[in-house]
Amino acid sequence: MPLVDCQSHIFSPEFAELLLGNEGAVRAERRDDALVVDFGSAQKLSIREADYEPAKKLADMDAAGVAYSILAPNMPGPDLLDPLLRERGARACNDYTASVCGDHPDRFRGLAVLPFGDINATMTEYSRAVRRLGLSGVALFSHVGGRMVDDPCWEPFYAAAADDGVPIVLHPTVPVWADAIKDHSMIPMMGFMVDHSFAMLRLILSGVLERHPALKIVQPHCGGVLPYLMPRIDEQTEVKRRGRERITRPPSSYYRDVYMDIVSPSPLTARFAHEYAGTDRLLFGSDHPWITIDSMVQVFDAMNLTETQRARIGYDNAAALFNLPTVTKETRSTVTA
């Protein structure tokens, strides 16, 4: 059965050069064969650019039986560049993603990143990347441009994505509160998961999903911590009446329309995500190259799904979200990597 990998990363060489020249809080330097990105005093990430090459990705997809990958630029996003570089950084990432997808239209679809500085520039790049370059969605980091994802200034972006039917895929980045959890490597262990869960919760409690019910949102990593905590959140809003000034329904009712991917090293966690989200709101993903695709295929296999559930989670849901070719039961074996 073919698979769609809904969380796969690439890295633009031009964006790497912009990072090397950045003078703000996020800086980079080359060490041996890696680009080391320094997020201030809290976190460093070592990015081996060869791991992101399309040829490497295609080889790994072929070995794991993945027909399509949804490509998103790796963190950091262009909004973390110096203000004068943000628009250029977003264009560099989107041009590169579109080029890779254009070279392999039968294997890749791409997500845009936006400068998230001036809203007019952000919407200009949205229109260029999605409507002109044909990218299939937008990657939204858990905070953007020095603001939270529910800042009212971003309202035109959510309105456009809802009107256009363009999926928004959340992705963690180094939290603004990273200094408090930088010890013991707790940022990648847990901080990323909590931060993008806060971002998702902000979209709910701020009323973004109520104002734009057509929005298609994907939250990765089995929903971070939200599926486990949503009953408490509902109790807080519905019983104690806290934090519900901008919503008219329980938070869980909005969250039921959000997609999750299964990216976790634990089949138990993936099975819980499936039980929570349901077959129609779950996607296969890998987080390649941070995680090997074959290891996530093993998790997928260990979820003990029916043939119908495997088809929906592994391929069909993503095909509907990202405008991929649909396949029938009779033609599945012909859609191969």
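Here are the numbers for the structure shown:
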quantity	calculated
Mean residue ellipticity (222 nm) of the chain, computed from DSSP H runs ≥ 4 via -39,500 (n - 2.57), nearest 500	-10500 deg cm²/dmol
Stretchable slack from residue 131 to residue 34, in nm (0.36 nm times residue separation minus alpha-carbon distance)	31.5 nm
Inter-probe distance in nm under a simple model that places probes 7 Å from Cα toward Cβ, at residue 228 and residue 27	3.7 nm
Cα-only Debye scattering, the chain: base-10 log of I(q)/I(0) at q = 0.08, 0.12, 0.16 Å⁻¹	-0.35, -0.82, -1.54
At R0 = 51 Å, FRET efficiency that the Cβ-Cβ distance of residue 20 and residue 210 yields, to 0.05	0.75
Highest-fluctuation residue, 98, 139, 214 considered, GNM on the chain with Cα pairs under 10 Å	214
For q = 0.13, 0.14, 0.20 Å⁻¹, Debye-computed log10 I/I(0) when each Cα of region 228-337 counts as one equal scatterer	-0.60, -0.67, -1.06
Projected label distance in nm at residue 55 and residue 95, using a 7 Å step from Cα toward the beta-carbon	2.3 nm
For region 163-312: rounded, prolate or oblate by the Cα gyration tensor [a/c cutoff 1.5]	oblate
Length added when fully stretched, residue 147-residue 48, from 0.36 nm per residue minus Cα-Cα	32.7 nm
Lys/Arg +1, Asp/Glu -1 at C-beta; the chain dipole; positive extreme among 10, 188, 123	123
Gaussian network model of the chain, springs between alpha carbon atoms under 10 Å - residue of 236, 219, 309 with greatest fluctuation	236
Spin-label pair residue 176/residue 84, simplified geometry with 7 Å Cα→Cβ offset, distance in nm	2.5 nm
Among 292, 124, 306, residue whose mean-square fluctuation peaks in a GNM of the chain (springs only between Cα atoms under 10 Å)	306
Cβ-based exposure ranking for 153, 222, 93, in which fewest neighbours within 10 Å come first	153, 222, 93
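None of the figures in this text is laboratory data; all of them are computed from the coordinates on show. Treat the numbers as computed from the prediction; the structure is a model and nothing was measured. Backbone-built Cβ (ideal geometry, glycine too); neighbour counts: all protein chains shown.
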